[in-house]
Amino acid sequence: MRTAHILLLCILGVALLSAINCKDEIVPKECCFTFYPRRLNKTLIKSYRMTDHHCPKSGVIFVTKKLGRQICVDPTLSWAENIMRFVDESSF
């Protein structure tokens, strides 16, 4: 009986240690898996942020002024680059 208790405590200890090791893994908070297909009006965008470099696709997340919606867009599109430039210039 006493051996079973020790074995159970050892298994519990290993489970706790493995949970701690998994917690330290780098996981991105936000990624874009699909992109918004249409062009956006630059005057409707309040801010933007780039997705984490650990994401499978690089993307830009635009945040709208009115409702604060977050829209994923392909950052290589010329109109997306223009919006980012516009937001950067208007924030000065």
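The values are calculated or read from the model by the stated rules, or taken from the named source; none is laboratory data. Note that the coordinates shown come from a computational prediction; the quantities given were computed from them, not determined experimentally. Ideal geometry is used to build each Cβ from the backbone, glycine not excepted, and the neighbour counts take in all protein chains shown.
Are any residues in the stretch 1-39 modelled with pLDDT of 90 or more, under 21 Å from the mean Cα position of the chain (by Cα) and either under 17 Å from Val87 (Cβ atoms) or of a type in the set (Val, Ile, Thr) (or both), and if so, which ones?
Correct list: Thr34, Tyr36.
I'd like to verify a number: residues in the stretch 71-92 that are assigned to a strand (DSSP E or B) and free of Cβ contacts under 8 Å to residues at least 24 places away in the same chain, how many?
0
Taking the stated definitions as given, is Lys42 basic (Lys, Arg), at pLDDT below 95 and over 17 Å from the mean Cα position of the chain (by Cα)?
yes
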